[in-house]
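Since the structure comes first, as structure tokens, the remarks are kept for the end.
A short reminder: the numbers here are calculations on the coordinates, not readings from a lab. Quick caveat: nothing in here was measured; it's all calculated off a predicted structure. Glycine also receives a Cβ, built like all others from the backbone with ideal geometry; neighbour counts cover every protein chain displayed.
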Amino acid sequence: MGGFFGVAAKDDCLFDLFFGTDYHSHLGTRRGGMAVYGEKGFDRAIHNIENSPFRTKFDKDMREMKGYYGIGSISDYEPQPLIVRSHHGTYAITTVSKINNTKEIVDKIFSDGNTHFLEMSGGDINPTELVAAMINQKENLIEGIHYAQELIDGSLTLMVLTPKGIYGARDKYGRTPLVVGMKEDSFCLSFESFAYQNLGYSDLKELGPGEIVVVDEEGCKTLMAPGTKMKICTFLWVYYGYPSSSYEGVSVEQMRYNCGVKLAERDNVKPDIVAGVPDSGTAHAIGYSNASGIPFSRPFIKYTPTWPRSFMPTVQSKRDMIARMKLLAVHDLIKDKSLLLIDDSIVRGTQLRETTDFLYKSGAREVHIRPACPPLVYGCKYLNFSRSSSEMELITRRVIARLEGTEDIPDEVLKEYTDPDSEKYEQMLEEIRKELHFTTLRYNRLDDLLEAVGLPPENLCTYCWNGEDVGE
């Protein structure tokens, strides 16, 4: 995943750019970057932030860089922003994207005369560089950005910094957000709407699907009108969005309360306490507690002084280790208790199984698990939520393969496992429950989840749960 922030100001933009970008640190842990344009032209800094937060790594750059236009990026994958020299002139570019048809695009660009791409350390082509190459195929930036949006199978939201302003473009189906804020003498572009609030900006507009704008110190101008088809990612509310975020006018925190209410309305167990796996499970648990009357408690506390961020290393063995180390148990709230624990989701299941086993060893009498979203059955095609090499890393797919006797599952059979009223769905849940050592297991239903969001279902992407976009 990743996030970005841009500022166009009459005076120096670095203070706002620095803190606005830092407010996206919950969306990535690998690379951070800033690029600015001012009287001395372009300047850029990129740092590895795997072992140190953005603010620490970029404190010196913030004090030394100068510019009135700037863009910043937090990335869980590629180094960016990139500075590109082309027939459009020199520009800087940053993206939040997932490109499934990289090979086809590269072959097409080679056939059109592009000579080379730089490889990253893993041998992959930098997706942001590939987007720049697509943009450079057209006569102007607007045509180039639209061309890239249309050519990519996946998703693309971006910012392009030029000497005349910052171009912003939201994904053609609005899968990821892009908003514009304003204050006296400055305008900003941001993935997260809350990122500019403490900097004195107020909301100006949220870009629609495929909309392209240009922002400078005077204002924001739409260059390409938004499309009519919206497929924003529903998982943004469930997990990736920060509690103070809001997408399409829907608060992340409030939506999570709504999820907890829906879980409580369908439940029949009577635990002693309700708890959330911090941090993303906490709001769901509060909603459940408020609706059920069962006390909310915190048997786990995240050790925030050194692990303040939600994200984890990309190497799975290290993720598992840190998942154990960052949560501290409050044993008096566990011993002899029946616990109902809400997590945002179950992906591989490893961490939650270890958590459950730890609770039993600490004296818990029962551990009831309630994921806040439906079973994840399909790997996301549209956003870089995970670097999983195979859908078989999902516990649902491993269990389904075991039940069916093969990993090659026809789509019509997979659909049965996503239907909460089917026998196959119940079989899958029981196998997961036994494998992960839960007392009981009940997932949130997709219809309840969509009601918790409150937007028209046809505007929401639900591919990871049912293999389709609602409304298709």
- prompt: Once the Cα gyration tensor of the range 353-424 is diagonalised, what are the square roots of 5 times its eigenvalues, in whole Å and ordered largest first, as equivalent ellipsoid semi-axes?
  reply: 26, 17, 13
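Which shape class, rounded, prolate or oblate, goes with the range 69-213 when its Cα gyration tensor gives a ≥ b ≥ c as root eigenvalues, a/c under 1.5 marks rounded, and past that a/b bigger than b/c marks prolate?
Details: a/c = 1.83, a/b = 1.73, b/c = 1.06.
Note, shape of the range 69-213 comes out prolate.
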message: Just want the ordering: Glu206, Glu430, from fewest to most Cβ atoms lying within 10 Å of their own Cβ.
response: Glu430, Glu206
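Please compute the contact order of the chain in relative form: average sequence separation of alpha-carbon pairs under 8 Å and at least six residues apart, divided by the residue count, as a percent.
This gives 12 percent for the chain.
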- request: Provide, in order from the shortest bin, the percent of all Cα-Cα pairs of the chain in each 10 Å bin, continuing until the bin that contains the maximum pair distance.
  value: 4, 20, 29, 25, 15, 6, 1
- prompt: In degrees, nearest 10, range 0 to 90: what is the angle between the Cα axis of helix 350-361 and the longest Cα principal axis of the chain?
  reply: 40
message: What do you get for GluC sites (Glu not before Pro) in the range 370-425 restricted to DSSP loop and a cutoff of at most 14 other Cβ within 10 Å of the site's Cβ?
response: Glu407
field: Cα-centre dipole for the range 235-466 with unit charges at Cβ (Lys and Arg positive, Asp and Glu negative), debye to 20
entry: 1120
statement: Helix 54-64 sits off the longest principal axis of the Cα atoms of the chain, rounded to the nearest 10 on a 0 to 90 degree scale, by 20
GluC sites (Glu not before Pro) within the range 90-173: DSSP coil, no more than 11 neighbouring Cβ in 10 Å: Glu139
- prompt: In debye, nearest 20: dipole of the chain around its Cα centre with unit charges on the Cβ of K, R (+) and D, E (-)?
  reply: 1340
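Provide Ser97, Ser251, Ser245 in ascending order of the number of other Cβ atoms located within 10 Å of each residue's Cβ, fewest first. Can you show the working numbers first?
Numbers: Ser97 25, Ser251 17, Ser245 21.
Exposure proxy ranking, most exposed first: Ser251, Ser245, Ser97.
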- prompt: Three principal axis extents, largest first, for the C-alpha atoms of the range 1-104, in Å?
  reply: 41, 38, 17
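Do any trypsin sites (Lys or Arg not before Pro) in the range 356-397 lie in a DSSP loop with no more than 12 other beta carbon atoms within 10 Å, and if so, which?
Listed in order of number, the matching sites are Arg387.
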With 10 Å bins from 0: P(r) over the range 235-466, alpha-carbon pairs, percent: 7, 33, 39, 19, 2
task: Please give the helix 316-326 orientation as an angle from the longest Cα principal axis of the chain, in degrees from 0 to 90, rounded to the nearest 10.
output: 70
